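J.: Questions regarding the structure given below will be posed in turn.
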Amino acid sequence: MSTLEIRDLHVAVGDKEILRGVNLTVSAGETHAIMGPNGSGKSTLAYAVAGHPKYTITSGSVLLDGEDLLAMSVDERARAGLFLAMQYPVEVPGVSVSNFLRSAVTAVRGEAPKLRDFARDLKNGMDALSIDSAFAQRNTNEGFSGGEKKRHEILQLELLKPKIAVLDETDSGLDVDALRVVSEGINRFRASGDTGVLLITHYTRILRYVQPDFVHVFAGGRIVEEGGPELADKLEDEGYEAYVKASA
Amino acid sequence: MGLETMPVSKLHAESSYDPADFPVPTGREEEWRFTPLSRLKGLHDGTAAPTGNVVIDVDAAPEVTVETVGRDDARIGQAYVPADRVSAQAYASFEKATIITVPRETVASRPTVVNVRGLAEGAGHGAAFGHILVKVEPMAQAVLVLDHTGGAVYADNVEFAIGEGATLKVVSLQDWADGAVHVSHHHAQLGKDATFRSFVVTLGGDLVRLSPSVSYSAPGGDADLTGLYFVDAGQHLEHRLWVDHAVPNCRSNVTYKGALQGEGAHAVWIGDVIIRAEAEGTDTYELNRNLLLTDGARADSVPNLEILTGEVAGAGHASASGRLDDEHIFYLQARGIPYDEARRLVVHGFFAQLLEKIEVEEIRERVLSAVEAELAR
């Protein structure tokens, strides 16, 4: 059973401290929602754990199954079983979706998939997310709509089968149909019970499709309240105002 | 980047068959300021001894005729008058010229390959001079490959005379050995409704300075000039494009892309385009992109578009030089792809659209594997 342990994590961008002591444990079979206002540091947590060079870890630790993630390069973290679905997936000119995905699957599995198996998995994955098969030949994320980019992130999630998935505002900018399709993808991914999900969101909307086991409220660069799914309902009614004031 | 250049019309005013009509460059001239003259081995000042050895052999399509002729052949120099000192030196110094003719209304059944091989190994060899004329007669169609390999100090002129309604597609590969010096002019003269496709690939040599130019003798000409270069440590690879729109309703499109890596890697791209007063209805676009893969590499990129008529169909240019995008690399690495592989994918992506334009399969494969080899360095 996999576990992601974040201990007293402090993260800065330049001289500015963004995260001020985050503690969180996500185990396989669990879905955690992190909710919070804009600018509270939710996305910083996601990118820092994934290893984006813009963020400096000033103290604390992040362990995946006891292994020190912070000592690993970005690609080593991914191969260790961490996945980050990005809020703003990057356009990579000239690199086709199928070429990109085959390279990623090869890297994560440690061997190239059989071409026929890969083609089948890709087609099934795309069908399940209502992605037109023509997208396989398009350049990665280039010219994709917001919804298409998010579906493409979930397609990667399903193909790469990580141990722990961090989903950074995957729901933002999606219409109701796209939200449903994307949520179904997340639910397929977590159905096995041996993967953990950390769902970062501003809104409670996605939590009606992807039921969390735990809800954490993020404000001022740390977790300020924790609870079960009922906490999301409270946030829906009352908003973040009380937390923002308390952390200011 | 230096945009402080003279008007395009003034830059290309001089032309002559006689090197004495051009002063010896000092390096301060607009057309020579980027070129390290000390590495030209005397090609620019008349001190290069003509004792080098470059052999040309042609593997021609059966429909195409190939002749080796002397200096006095009247067909030579019709389409092109040398435009600078080295070009005029090459014109004054070549002993034999190669003339390739695609007869009227003939469609060549396969590419014609011109192998230009330098036989110099190591230093101490003299210079060689060459001249090639490719005549594509009206309504004919052909594909030509110019394949430059080996070691040489070589200056040459290549004339493409493309007749009415004819199509010529050229791939020119500068795949020289280390230390080679090549200064070359490629001039295409397009007849009425003629089509010209040029694909230049420059990879090898100490110094390569290639000047592709296009002129139109009648309306309807369509020129597409594409280039790909990969500059390694210490290499100077320079491409000087010059498109002269002097007749109405012609089209030109220039797309050059290069990657650079290593200390002292230097790319120069000059894109001069003029739309003269008579050239109404011109449609032109030029683009240069440079991808700097390491510190210590330098790209100079100077697009220069001069428009002397108010009636154009389209005119534009773009130039950008930048590093590998950290966000591209992060995204790929975040999917488990190791850094080197991520870099390879991004550079391939940078060149992908260009490579698709190479219609000759073997050449495309060769360029692809050459790019692979460069990245593996």
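The values are calculated or read from the model by the stated rules, or taken from the named source; none is laboratory data. Please read these numbers as outputs of a predicted model, since none were measured by experiment. Cβ placement follows ideal geometry from the backbone for every residue including glycine, while neighbour counts extend to all protein chains displayed.
Per-residue answers, yes or no, for (1) within 19 Å of the chain's Cα centre (by Cα); (2) buried (at least 19 other Cβ atoms within 10 Å of the Cβ); (3) outside the structural domain of B:Thr51 (by TED's automatic domain parsing); (4) in contact (Cβ under 8 Å) with a residue 24 or more places away in the chain:
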site	(1), (2), (3), (4)
B:Thr68	no, no, no, yes
B:Asp72	no, no, no, no
B:Ala92	no, no, no, yes
B:Val134	yes, yes, no, yes
B:Ala142	yes, yes, no, yes
B:Tyr154	yes, yes, no, yes
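J.: Further question: Please go through region B:26-57 and give me each residue that is among the acidic types (Asp, Glu) and assigned to a loop (DSSP other than H, G, I, E, B), ordered by number.
T.: Residues satisfying the conditions are B:Glu29, B:Glu30, B:Glu31, B:Asp45.
Okay, residues lined up against (1) more than 14 Å from chain B (Cβ to nearest Cβ); (2) free of Cβ contacts under 8 Å to residues at least 40 places away in the same chain; (3) surrounded by fewer than 22 Cβ atoms within 10 Å (Cβ to Cβ):
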| position | (1), (2), (3) |
| --- | --- |
| A:Gly110 | no, yes, yes |
| A:Lys123 | yes, yes, yes |
| A:Ser133 | yes, yes, yes |
| A:Ser145 | yes, yes, yes |
| A:Ile154 | no, no, no |
| A:Val176 | yes, yes, yes |
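J.: Further, regarding this structure: Just checking, does region A:27-45 include any residue being within 14 Å of chain B (Cβ to nearest Cβ), surrounded by fewer than 23 Cβ atoms within 10 Å (Cβ to Cβ) and either over 17 Å from the mean Cα position of the chain (by Cα) or not hydroxyl-bearing (Ser, Thr, Tyr) (or both)?
T.: no
J.: Quick one: would you say B:Arg209 is surrounded by 24 or more Cβ atoms within 10 Å (Cβ to Cβ) and of a type in the set (D, E, K, R)?
T.: Spelling it out, B:Arg209 is indeed surrounded by 24 or more Cβ atoms within 10 Å (Cβ to Cβ) and of a type in the set (D, E, K, R).
J.: How about region B:296-331: which of its residues are part of a loop (DSSP other than H, G, I, E, B) and either within 14 Å of chain A (Cβ to nearest Cβ) or touching a residue at least 12 places away in the same chain (Cβ under 8 Å) (or both)?
T.: The answer is B:Gly296, B:Ala297, B:Leu308, B:Thr309, B:Glu311, B:Leu324, B:Asp325.
J.: Give me the residue from region B:332-372 that is outside any helix (DSSP H, G or I) and away from every other protein chain (no Cβ under 14 Å) and, out of that set, surrounded by the most Cβ atoms within 10 Å (Cβ to Cβ).
T.: B:Ile358
J.: Here's another thing I want to ask about it. Would you mention how many residues in region B:84-127 are modelled with pLDDT of 95 or more and farther than 16 Å from B:Asp156 by Cα?
T.: Total meeting the criteria: 13.
J.: Looking at region A:67-86, I want the residues that are farther than 17 Å from A:Met1 by Cβ and within 8 Å of another protein chain (Cβ to nearest Cβ) and have a partner that is of a type in the set (Asp, Glu) and assigned to a helix (DSSP H, G or I) with Cβ atoms under 8 Å, at least 6 apart or on another chain. Which pairs are those?
T.: Filtered contacts from region A:67-86: A:Met86/A:Glu153.
J.: Using the structure shown, decide if B:Ala83 is outside any loop (DSSP other than H, G, I, E, B) and farther than 17 Å from B:Gln174 by Cα.
T.: For B:Ala83, the condition - outside any loop (DSSP other than H, G, I, E, B) and farther than 17 Å from B:Gln174 by Cα - is not met.
J.: Then there is this: Please verify whether B:Ala194 is among the aliphatic types (A, V, I, L, M) and surrounded by fewer than 23 Cβ atoms within 10 Å (Cβ to Cβ), treating the condition exactly as stated.
T.: No; evaluated as a whole, the condition is false for this residue.
J.: Restricting attention to region A:48-66, and to residues there that are of a type outside the set (A, V, I, L, M, F, W, C) and within 15 Å of A:Arg222 (Cα to Cα), which single residue is farthest from the other protein chains (Cβ to nearest Cβ)?
T.: Selected residue: A:Ser59.
J.: Now for a different question. Filter region B:223-238 down to the residues that are assigned to a strand (DSSP E or B) and either surrounded by fewer than 18 Cβ atoms within 10 Å (Cβ to Cβ) or hydrophobic (A, V, I, L, M, F, W, C) (or both) and list them by number.
T.: Correct list: B:Ala223, B:Asp224, B:Leu225, B:Leu228, B:Phe230, B:Val231, B:Leu237.
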